[in-house]
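Read the structure below first, then the notes.
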Amino acid sequence: MRAIIFLLSYMTTSFAEKQDLSGKMFTFPVESDTAHVILIPNLSKSLTAVTVCLRFFSDLTRSKSLFSVATPTSDNAFLLFNENGYHVFQKTAAKFDGLEDKQNEWNSVCATWDSQTGIAQIWVNGKQSVRKGISRGGSISGAPSIILGQEQDNYGGKFDRAQSFVGMLTDINMWDSVLPYPEIALYMSNIPQKTDGNVISWRSLDFTANGYVIVENLVSLI
């Protein structure tokens, strides 16, 4: 039933006009197990490589989901999660320590994964992690459910308020490849990039906000 509901949601939102959210941000004002944003990807194939970049502003010290992708066969098809360090899940998980985000400041984060090598890596505020291996030879297959603000414990739902995001999110992009380091460095420096995400593009975003989520003008990144 949940898959049918998600499919109906996809059919409804996929025909919505895409919005340029330059200079905007999503604000999640309260802890909840309901508030979330569904992102509709520009995608017609399985993914064997991923880059996700985003910026967030929060005062949370507990665990929080930053970007959650589920498929009908995998709750953690690609998950960027923060809990005493950063975690990247692609069915299995890698934890990256020593990358500190700052409370009540904007943090720039990029995460990459390549199926061919299994290598995953994180960048936080210009600092890169060690390279770690997860799910070598894997893929992200099936209609993806991409959620901001919550971590999916099943396809499209089963949210836990203790893992919800509270704060602001902006400049969210997703690519179907590992972005070259010079492009990641530009993102870390808040310099306009040559290319927007070809799976999710902040400047051409198809989304649905659910619950207490507000689209606001961006608070300065400086």
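For the stretch 47-178, taking Cα atoms only, Rg and Dmax work out to 13.5, 38 Å respectively. Dipole magnitude for the chain: computed about the Cα centre from +1 point charges on Lys and Arg Cβ and -1 point charges on Asp and Glu Cβ, it is near 440 debye. For the pair THR195 and ASP33, label points projected 7 Å from Cα toward Cβ lie 4.1 nm apart. When the listed pairs LYS18/LYS194; LYS18/LYS158; LYS24/LYS95; LYS91/LYS194; LYS18/LYS45 are checked against a 25 Å cut-off, the alpha-carbon distance exceeds it for LYS18/LYS158; LYS24/LYS95; LYS91/LYS194. With the convex hull drawn around the C-alpha atoms of the chain, the volume per residue stands at 110 Å³.
Across the stretch 2-217, C-alpha contacts under 8 Å between residues 6 or more apart give a mean separation that, scaled by the residue count, equals a relative contact order of 36 percent. Extension gain for the segment THR73 to ASP97, taken as residue separation times 0.36 nm less the Cα-Cα distance, is 5.8 nm to one decimal.
Each reported figure results from applying straightforward, stated rules to the coordinates on display, with no laboratory input. As the structure is a prediction and not an experimental result, all values here were calculated from the model. Don't worry about glycine lacking a Cβ; one is built from the backbone with ideal geometry, like all the others, and counts go over all protein chains shown.
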